[in-house]
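Read the structure below first, then the notes.
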Amino acid sequence: MNPFRLLGDASHLASILVLISTIQRTQAIDGISLKTQVLYFVVFVTRYLDLFTKWRSLYNTLMKVFFISSSLYVIVQLKQARHKQVVGYQNMVMRDTFKIRYLVAASAALALITTRQYKVQQVLWVFSVWLESVAIMPQLFMLSKAGKADALTSHYIFALGFYRAMYIPNWIWRYYVENRFDKVAVVAGVVQTLIYSDFFYIYYRKVIREGANFELPV
(Lines give C-alpha, C1' and ligand atoms only; values in the text may rest on other atoms or scores of the structure.)
Protein backbone atom coordinates (compact mmCIF):
# COMPACT_ATOMS: atom_id res chain seq x y z
CA MET A 1 0.00 0.00 0.00
CA ASN A 2 1.30 3.46 -0.89
CA PRO A 3 -0.10 7.04 -0.92
CA PHE A 4 -0.85 6.98 -4.66
CA ARG A 5 -2.95 3.84 -4.42
CA LEU A 6 -4.77 5.17 -1.36
CA LEU A 7 -5.50 8.43 -3.19
CA GLY A 8 -6.71 6.52 -6.24
CA ASP A 9 -8.95 4.27 -4.15
CA ALA A 10 -10.35 7.31 -2.34
CA SER A 11 -11.20 8.95 -5.68
CA HIS A 12 -12.82 5.73 -6.91
CA LEU A 13 -14.85 5.51 -3.71
CA ALA A 14 -15.86 9.16 -4.01
CA SER A 15 -17.05 8.73 -7.60
CA ILE A 16 -19.44 5.94 -6.60
CA LEU A 17 -20.70 7.76 -3.51
CA VAL A 18 -21.37 10.90 -5.57
CA LEU A 19 -23.30 8.84 -8.10
CA ILE A 20 -25.41 7.00 -5.51
CA SER A 21 -26.14 9.99 -3.30
CA THR A 22 -27.18 12.15 -6.24
CA ILE A 23 -29.51 9.50 -7.64
CA GLN A 24 -31.13 9.11 -4.22
CA ARG A 25 -31.39 12.84 -3.59
CA THR A 26 -32.63 14.01 -6.99
CA GLN A 27 -34.25 10.86 -8.38
CA ALA A 28 -32.67 11.76 -11.72
CA ILE A 29 -30.49 9.52 -13.91
CA ASP A 30 -30.12 11.66 -17.03
CA GLY A 31 -26.64 11.18 -18.50
CA ILE A 32 -25.76 7.95 -16.66
CA SER A 33 -24.87 4.92 -18.79
CA LEU A 34 -26.40 1.66 -17.61
CA LYS A 35 -24.04 -0.25 -19.89
CA THR A 36 -20.96 1.25 -18.25
CA GLN A 37 -22.34 0.29 -14.83
CA VAL A 38 -22.94 -3.28 -16.02
CA LEU A 39 -19.37 -3.49 -17.33
CA TYR A 40 -17.97 -2.26 -14.01
CA PHE A 41 -20.04 -4.86 -12.17
CA VAL A 42 -18.56 -7.58 -14.41
CA VAL A 43 -15.08 -6.14 -13.74
CA PHE A 44 -15.51 -6.31 -9.97
CA VAL A 45 -17.05 -9.79 -9.91
CA THR A 46 -14.37 -11.35 -12.14
CA ARG A 47 -11.53 -9.57 -10.33
CA TYR A 48 -12.60 -10.30 -6.78
CA LEU A 49 -13.27 -14.03 -7.00
CA ASP A 50 -10.79 -14.51 -4.16
CA LEU A 51 -12.96 -12.44 -1.81
CA PHE A 52 -13.95 -15.39 0.38
CA THR A 53 -10.95 -17.64 -0.26
CA LYS A 54 -7.93 -15.40 0.36
CA TRP A 55 -7.65 -12.92 3.23
CA ARG A 56 -5.39 -9.92 2.65
CA SER A 57 -6.64 -7.22 5.01
CA LEU A 58 -9.82 -5.70 6.38
CA TYR A 59 -9.33 -2.67 4.12
CA ASN A 60 -8.99 -4.89 1.05
CA THR A 61 -12.06 -6.95 1.90
CA LEU A 62 -14.27 -3.97 2.68
CA MET A 63 -13.32 -2.22 -0.55
CA LYS A 64 -14.08 -5.33 -2.61
CA VAL A 65 -17.47 -5.81 -0.96
CA PHE A 66 -18.31 -2.14 -1.42
CA PHE A 67 -17.43 -2.01 -5.11
CA ILE A 68 -19.42 -5.15 -5.95
CA SER A 69 -22.48 -4.22 -3.89
CA SER A 70 -22.53 -0.54 -4.89
CA SER A 71 -22.27 -1.28 -8.61
CA LEU A 72 -25.10 -3.80 -8.29
CA TYR A 73 -27.16 -1.23 -6.38
CA VAL A 74 -26.68 1.39 -9.12
CA ILE A 75 -27.70 -1.13 -11.79
CA VAL A 76 -30.87 -1.99 -9.86
CA GLN A 77 -31.70 1.71 -9.46
CA LEU A 78 -31.25 2.34 -13.17
CA LYS A 79 -33.31 -0.71 -14.13
CA GLN A 80 -36.14 0.31 -11.79
CA ALA A 81 -36.18 3.86 -13.16
CA ARG A 82 -38.64 2.82 -15.87
CA HIS A 83 -41.31 1.90 -13.32
CA LYS A 84 -40.59 4.84 -11.00
CA GLN A 85 -40.83 7.43 -13.80
CA VAL A 86 -37.40 8.75 -12.88
CA VAL A 87 -36.20 11.90 -14.66
CA GLY A 88 -33.93 11.09 -17.60
CA TYR A 89 -34.94 7.46 -18.18
CA GLN A 90 -36.00 7.96 -21.80
CA ASN A 91 -32.83 9.91 -22.58
CA MET A 92 -30.78 7.07 -21.11
CA VAL A 93 -32.53 4.52 -23.32
CA MET A 94 -32.10 6.59 -26.48
CA ARG A 95 -28.43 7.49 -25.94
CA ASP A 96 -27.02 4.43 -24.18
CA THR A 97 -26.54 2.43 -27.39
CA PHE A 98 -22.85 1.49 -27.39
CA LYS A 99 -22.29 -2.16 -28.46
CA ILE A 100 -20.59 -3.46 -25.32
CA ARG A 101 -20.34 -7.03 -26.63
CA TYR A 102 -17.33 -5.93 -28.69
CA LEU A 103 -15.59 -4.62 -25.58
CA VAL A 104 -16.26 -7.86 -23.71
CA ALA A 105 -15.08 -10.00 -26.64
CA ALA A 106 -11.90 -7.97 -27.15
CA SER A 107 -11.10 -8.06 -23.42
CA ALA A 108 -11.63 -11.83 -23.33
CA ALA A 109 -9.33 -12.32 -26.34
CA LEU A 110 -6.62 -10.12 -24.82
CA ALA A 111 -6.93 -12.00 -21.53
CA LEU A 112 -6.25 -15.30 -23.27
CA ILE A 113 -3.28 -13.83 -25.13
CA THR A 114 -1.63 -11.94 -22.27
CA THR A 115 -2.32 -14.08 -19.20
CA ARG A 116 0.71 -15.55 -17.44
CA GLN A 117 -1.13 -18.70 -16.36
CA TYR A 118 -4.09 -20.49 -17.87
CA LYS A 119 -5.95 -20.82 -14.60
CA VAL A 120 -9.54 -19.66 -14.33
CA GLN A 121 -8.93 -17.07 -11.63
CA GLN A 122 -5.83 -15.68 -13.31
CA VAL A 123 -7.48 -15.42 -16.76
CA LEU A 124 -10.53 -13.71 -15.25
CA TRP A 125 -8.31 -11.26 -13.37
CA VAL A 126 -6.52 -10.28 -16.60
CA PHE A 127 -9.90 -10.07 -18.34
CA SER A 128 -11.12 -7.65 -15.65
CA VAL A 129 -8.04 -5.45 -16.11
CA TRP A 130 -8.59 -5.13 -19.87
CA LEU A 131 -12.34 -4.66 -19.50
CA GLU A 132 -11.91 -1.91 -16.89
CA SER A 133 -9.66 0.00 -19.28
CA VAL A 134 -12.56 0.40 -21.74
CA ALA A 135 -15.61 0.18 -19.44
CA ILE A 136 -16.08 3.97 -19.45
CA MET A 137 -16.48 4.08 -23.26
CA PRO A 138 -20.30 3.63 -23.26
CA GLN A 139 -20.52 6.55 -20.81
CA LEU A 140 -18.30 8.77 -22.95
CA PHE A 141 -20.18 7.70 -26.09
CA MET A 142 -23.43 8.66 -24.38
CA LEU A 143 -21.90 12.02 -23.50
CA SER A 144 -20.89 12.60 -27.11
CA LYS A 145 -24.46 11.96 -28.29
CA ALA A 146 -25.87 14.38 -25.73
CA GLY A 147 -23.18 16.99 -26.41
CA LYS A 148 -23.04 18.01 -22.75
CA ALA A 149 -23.15 16.65 -19.21
CA ASP A 150 -24.60 17.88 -15.94
CA ALA A 151 -22.48 18.30 -12.82
CA LEU A 152 -23.25 14.78 -11.58
CA THR A 153 -22.02 13.03 -14.70
CA SER A 154 -18.95 15.19 -15.26
CA HIS A 155 -17.78 15.03 -11.63
CA TYR A 156 -18.40 11.28 -11.55
CA ILE A 157 -16.35 10.66 -14.69
CA PHE A 158 -13.58 13.00 -13.55
CA ALA A 159 -13.29 11.16 -10.21
CA LEU A 160 -13.08 7.83 -12.05
CA GLY A 161 -10.42 9.17 -14.38
CA PHE A 162 -8.43 10.59 -11.49
CA TYR A 163 -8.58 7.20 -9.80
CA ARG A 164 -6.95 5.56 -12.81
CA ALA A 165 -4.46 8.40 -13.29
CA MET A 166 -3.22 7.88 -9.72
CA TYR A 167 -2.39 4.29 -10.54
CA ILE A 168 0.38 5.41 -12.90
CA PRO A 169 2.56 6.84 -10.09
CA ASN A 170 1.42 3.84 -8.05
CA TRP A 171 3.05 1.51 -10.60
CA ILE A 172 6.20 3.61 -10.62
CA TRP A 173 6.31 3.42 -6.82
CA ARG A 174 5.83 -0.36 -6.83
CA TYR A 175 8.54 -0.81 -9.44
CA TYR A 176 11.21 1.17 -7.58
CA VAL A 177 10.17 0.49 -3.98
CA GLU A 178 8.63 -3.00 -4.12
CA ASN A 179 10.40 -4.29 -7.25
CA ARG A 180 7.05 -5.29 -8.76
CA PHE A 181 5.89 -4.61 -12.31
CA ASP A 182 2.80 -5.95 -14.10
CA LYS A 183 2.93 -5.23 -17.84
CA VAL A 184 -0.76 -5.97 -18.46
CA ALA A 185 -1.95 -3.66 -15.67
CA VAL A 186 0.36 -0.86 -16.80
CA VAL A 187 -0.55 -1.06 -20.50
CA ALA A 188 -4.29 -1.30 -19.74
CA GLY A 189 -4.00 1.61 -17.32
CA VAL A 190 -2.25 3.79 -19.88
CA VAL A 191 -4.93 2.94 -22.45
CA GLN A 192 -7.64 3.90 -19.97
CA THR A 193 -5.93 7.17 -19.09
CA LEU A 194 -5.63 8.04 -22.79
CA ILE A 195 -9.34 7.38 -23.26
CA TYR A 196 -10.02 9.91 -20.51
CA SER A 197 -7.52 12.49 -21.80
CA ASP A 198 -9.91 14.60 -23.92
CA PHE A 199 -12.48 14.56 -21.14
CA PHE A 200 -9.86 15.75 -18.62
CA TYR A 201 -8.86 18.68 -20.81
CA ILE A 202 -12.42 19.84 -21.49
CA TYR A 203 -13.40 19.35 -17.84
CA TYR A 204 -10.48 21.46 -16.66
CA ARG A 205 -11.08 24.22 -19.21
CA LYS A 206 -14.88 24.42 -18.89
CA VAL A 207 -15.72 23.35 -15.34
CA ILE A 208 -12.69 24.19 -13.22
CA ARG A 209 -11.20 27.23 -14.95
CA GLU A 210 -14.34 28.88 -16.32
CA GLY A 211 -16.94 27.51 -13.91
CA ALA A 212 -19.23 26.71 -16.83
CA ASN A 213 -21.31 23.64 -17.65
CA PHE A 214 -19.50 20.76 -19.27
CA GLU A 215 -20.10 20.82 -23.03
CA LEU A 216 -18.36 18.86 -25.75
CA PRO A 217 -17.02 20.80 -28.73
CA VAL A 218 -19.05 20.58 -31.92
- Item | Candidates LEU72, LEU39, filtered to the one that is under 18 Å from the mean Cα position of the chain (by Cα), closer than 23 Å to LEU103 by Cβ and surrounded by fewer than 17 Cβ atoms within 10 Å (Cβ to Cβ) | LEU72
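So which of LEU19, LEU51 is open to solvent by 20 Å² or more (accessible area, probe 1.4 Å) and of a type outside the set (D, E, K, R)?
LEU51
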- Query: Which members of segment 186-218 meet the condition of being surrounded by 15 or more Cβ atoms within 10 Å (Cβ to Cβ), small (Gly, Ala, Ser) and modelled with pLDDT under 85?
  - Reply: GLY189
- Item | Residue check, ALA81 modelled with pLDDT of 95 or more and either within 19 Å of ARG25 (Cβ to Cβ) or part of a helix (DSSP H, G or I) (or both) | no
- Message: Here are the criteria: (1) modelled with pLDDT of 80 or more; (2) open to solvent by 50 Å² or more (accessible area, probe 1.4 Å). Tell me which single one MET63 does not satisfy.
- Response: (2)
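Taking the criterion of being assigned to a helix (DSSP H, G or I), open to solvent by 70 Å² or more (accessible area, probe 1.4 Å) and modelled with pLDDT of 70 or more, would at least one residue in segment 146-157 satisfy it? Talk me through it step by step, then tell me what you get.
We begin by selecting, within segment 146-157, every residue assigned to a helix (DSSP H, G or I); these are 146, 151-157.
Add one more test, that the residue is open to solvent by 70 Å² or more (accessible area, probe 1.4 Å), and what stays is 155.
Then drop every residue that is not modelled with pLDDT of 70 or more, which leaves 155.
The answer is yes, given that some residue of segment 146-157 is assigned to a helix (DSSP H, G or I), open to solvent by 70 Å² or more (accessible area, probe 1.4 Å) and modelled with pLDDT of 70 or more.
Kindly indicate whether SER33 is of a type in the set (Gly, Ala, Ser), under 18 Å from PHE127 (Cβ atoms) and out of contact with any His (no Cβ under 9 Å at 6 or more places or on another chain). Give the steps one after another, and end with the answer.
On the way: of a type in the set (Gly, Ala, Ser): yes; under 18 Å from PHE127 (Cβ atoms): no; out of contact with any His (no Cβ under 9 Å at 6 or more places or on another chain): yes.
Criteria not met by SER33.
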- Task: Of all residues in segment 113-128, count the ones that are over 22 Å from the mean Cα position of the chain (by Cα), within 20 Å of LEU51 (Cα to Cα) and β-branched (Val, Ile, Thr).
- Result: 1
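The values are calculated or read from the model by the stated rules, or taken from the named source; none is laboratory data. The structure displayed is predicted, hence computed values, not measured ones. Counting neighbours? That spans all protein chains shown, and the Cβs are built from the backbone with ideal geometry, glycine included. The area values use the complete protein model at the heavy-atom level, side chains included, leaving out ligands, DNA and RNA. Shrake-Rupley method; radii C 1.70, N 1.55, O 1.52, S 1.80 Å.
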